[in-house]
Structure formats: C-alpha cells, structure tokens
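Below you will find the structure I want to go over with you.
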Amino acid sequence: MIQNPDLPEVIPVFPLPGALLLPRARLPLHLFEPRYLQMLDDCLKTPGRLIGMIQPQPQPRADGAEAEATDTPPALQRIGCVGRVTQFSETEDGRYMITLAGLSRFRLIEEVEGFTPYRRAKVSWEGFGRDLGPTETDPEFDRASFLNLLSQFFAAEELQTDWDSLKEADDELLINSLSMLLGFDPEDKQALLEAPSLSTRRETLVTLMEFTLRGGSNDEMLQ
C-alpha cells in the first residue's frame, strides 16, 4: 500500500551500473542518450518529477566472468531508489545536467511494457517507511576511528578531500555521501543501498574499506 501520494506505482527507471542514490542525498547526472533525454522531458511534465535509479544485474558467462554487452536489456536489481529532479540545465549541444534528490528506496515488482524508449517499472514502497522520515543517526558511530580508517583508505587510493567538511558533517550525510562517491564495485554499491539502517550501512562501508586496504577482492568478500 502506497503511503505517500507523491510515490506512484509506476516510475521511469534509469539503469546505471555503479550509480548509487540514497534517501535525502543528492546525485548529479549527465544525460545525453536520446531515450534518457525523452525520459527527462516526460518526467518534467509530471507533478512528482521522479526518476528511479536502479542497477542492472551482472550478467555472468558460463566461465564465471561477466558477460559482454548484448542487445538484450539486462535484468534489473530488485531494489533501487527514486529521486526528484530538483535542478536541470541544458548544454549547448543538447545534453542535460540534472540533480536528483533521493526520496525513498523501492522494490521492483515487474517491468511495464509500453511505447517509451526508456524502461519503466511497477514498484512497491513497502518496507522503506524510514526513508521518508527524519534524518537518521548512528548512535554507535565512533567518528574518530572511522575517520582514521578513511584517511588510510584515501591515502591508499590516492584520493583527496576536504577533511574539515567531513569532520563537521552529520552522521547520515557523511556515511551516505561516502557510500555514493567511493568507487566500489556495483555489487558493493548494491549492498550499501540495501542496508536496512544507517548503522548497517556504516558497518558495510567499514568492511569494504578494510577489505580494500588488505588487498582482497570484493567478490570474495560478498560471496
């Protein structure tokens, strides 16, 4: 049962490997393919201006490696996150830069056939009521220990950041922003998305960073 009238049963979905949107976070996107330009045009005509971000499922080959791209659209993961278009601007060559503000995760029920060039899906919002609530906190968050690990991770990955801003960010902004921005594999991004609470997401993020620092493979960890 839909609790919020702004969350419809059918939404356009944008399958993008490695892209993660979380509730109350913002995701910048660059649209240039004609089908997604049409999706944006249709989206802006609706009251909610909603686009669902969802990852394609990996396509394994018989030898266990990931399959090469084919003309058949890949199956989609079962959970994604819908966002509202809050900003958009057009470039001189007809592309768009947009910003999605994350609202709520959703569970994919089935894809909807139609005449649009982009994919649409019937979705359920049940089980994600927390996403529409207030900002989450993480009572057991040891910020000093976390930032120490993060410093090691950034050094190993040769990344730069504004440490003053990280130190001042609230729990949710810090954990969710890092979950979205750090370059983990799509399967790891999906695990971060599906984390049932901010504490669980922080624990998953710590595990991913520690595993990377040990030189392990993410595939081994998530099996």
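Every number here is computed from the coordinates shown, using simple stated rules; none is lab data. Since this is a predicted model, take the numbers as computed values, not measurements. Every residue, glycine among them, receives a Cβ derived from its backbone with ideal geometry; neighbour counts consider all protein chains shown.
Taking a quarter of the surface of the Cα convex hull of region 78-223, what do you get in nm²?
11.8
What distance in nm separates the simple spin-label points at Asp142 and Glu126, each placed 7 Å from Cα in the Cβ direction?
Reported label-point gap for Asp142 and Glu126 is 4.0 nm.
Suppose every K and R has +1 on its Cβ and every D and E has -1 on its Cβ; what is the size of the dipole of region 10-132 about the Cα centre, in Debye to the nearest 20?
Approximately 660 debye in magnitude.
Could I ask something else about it? Which FRET efficiency value, to the nearest 0.05, is calculated for Glu90 and Ala156 with the Förster distance at 35 angstrom and r the Cβ-Cβ distance?
0.35
So how far apart, in nm, are the two label points at Ala169 and Ser197 if each is 7 Å from Cα heading toward Cβ?
2.2
Under the Kirkwood approximation applied to all pairs of distinct alpha-carbon atoms, what is the hydrodynamic radius of region 80-141 in Å?
14.6
Any idea what log10 I(q)/I(0) is at q = 0.17 Å⁻¹ for region 10-132, Debye with uniform C-alpha scatterers and no solvent?
Values, matching the q order: -0.89.
Moving to a separate point now. Would you work out if region 143-222 is rounded, prolate or oblate? Take a ≥ b ≥ c from the square roots of the eigenvalues of the alpha-carbon gyration tensor; rounded if a/c is under 1.5, else prolate when a/b is larger than b/c, oblate otherwise.
oblate
Please report Phe106, Phe154 as a ranked list, fewest other C-beta atoms within 10 angstrom at the top and most at the bottom.
With the fewest neighbours first, Phe106, Phe154 line up as Phe154, Phe106.
Would you work out the relative contact order for the chain, in percent, from Cα pairs under 8 angstrom that are 6 or more residues apart?
Across the chain, relative contact order equals 23 percent.
Suppose R0 equals 30 Å; then what is the FRET efficiency for Leu44 and Thr72 from their Cβ-Cβ distance, rounded to the nearest 0.05?
With a Förster radius of 30 Å, E is 0.50.
Starting with the fewest neighbours, write out Val112, Val82 ranked by other beta-carbon atoms found within 10 Å of each beta-carbon.
By the 10 Å Cβ count, ascending: Val112, Val82.
Hey, another quick one. From the helices alone, meaning DSSP H stretches of at least four residues, give me the mean residue ellipticity at 222 nm for the chain, per-run term -39500 (n - 2.57), in deg cm²/dmol to the nearest 500.
So the calculated ellipticity at 222 nm is -9500 deg cm²/dmol.
I've got another one for you. Compute, for the chain, the length of the dipole vector about the Cα centre, with Cβ point charges of +1 (Lys, Arg) and -1 (Asp, Glu) only. Units Debye, rounded to 20.
Here the size comes out at about 640 debye.
For Ser104, enumerate residues with amide H under 5 Å from its amide H, sequence gap 5+ or separate chain, H modeled in the peptide plane.
Hits under the 5 Å cutoff: Val82.
In what order do Met180, Met39 fall by count of nearby beta-carbon atoms within 10 Å, going from fewest to most?
Met180, Met39
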